[in-house]
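Chemist: Before anything else, here's the structure in question.
Readers should treat all values here as calculations from the given coordinates under stated rules, not as data from a laboratory. In this text, all values refer to a predicted model and were calculated from it rather than measured experimentally. Here Cβ is always computed from backbone atoms with ideal geometry, including for glycine, and neighbour counts include all displayed protein chains.
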Amino acid sequence: MGAEDRAERRSAMLAEAIRHTAHVAGEIDTHALHAHLITWAGVPEEECGGDIYATMFFMVRCGLYTTNTPDTLAAETRLKVSHLLMGHLYDEHPPEPDDDEA
């Protein structure tokens, strides 16, 4: 897969991950999201698994989601929509971040 194709797949994957989870008020199971994105991509995990993990890491790193563990790939990791993204979705000024989101 070329760099341009990978960039297109990752951008579409990021959009799908956000579309699939942004409305969730509670915790998001990373394994369920991973499985959803494999189904959505329509290719074996071996072909898209790295892109899925990179996408989830990016979602946390850029502040759209928070995580309960320092390792986005840990088995017990759960994601949560950040106040920043929630404020954008509901056209509200985002509140100050919680201590665990700072």
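Chemist: Could you work out how much longer the chain between Val24 and Asp91 gets when fully extended? Use 0.36 nm per residue separation minus the Cα distance between them, nm to one decimal.
Modeler: 22.5 nm
Chemist: Right, something else. Given that compact globular proteins tend to follow 2.2 N^0.38 Å, what is the ratio of the alpha-carbon Rg of the chain to that value?
Modeler: Taking N as the residue count of the chain, the ratio is 1.09.
Chemist: Which order do the peptides 70-78, 32-40, 52-60 take when ranked by the mean count of other beta-carbon atoms within 10 Å per residue, highest first?
Modeler: Going by the mean number of other Cβ atoms within 10 Å, highest first, we get 52-60, 32-40, 70-78.
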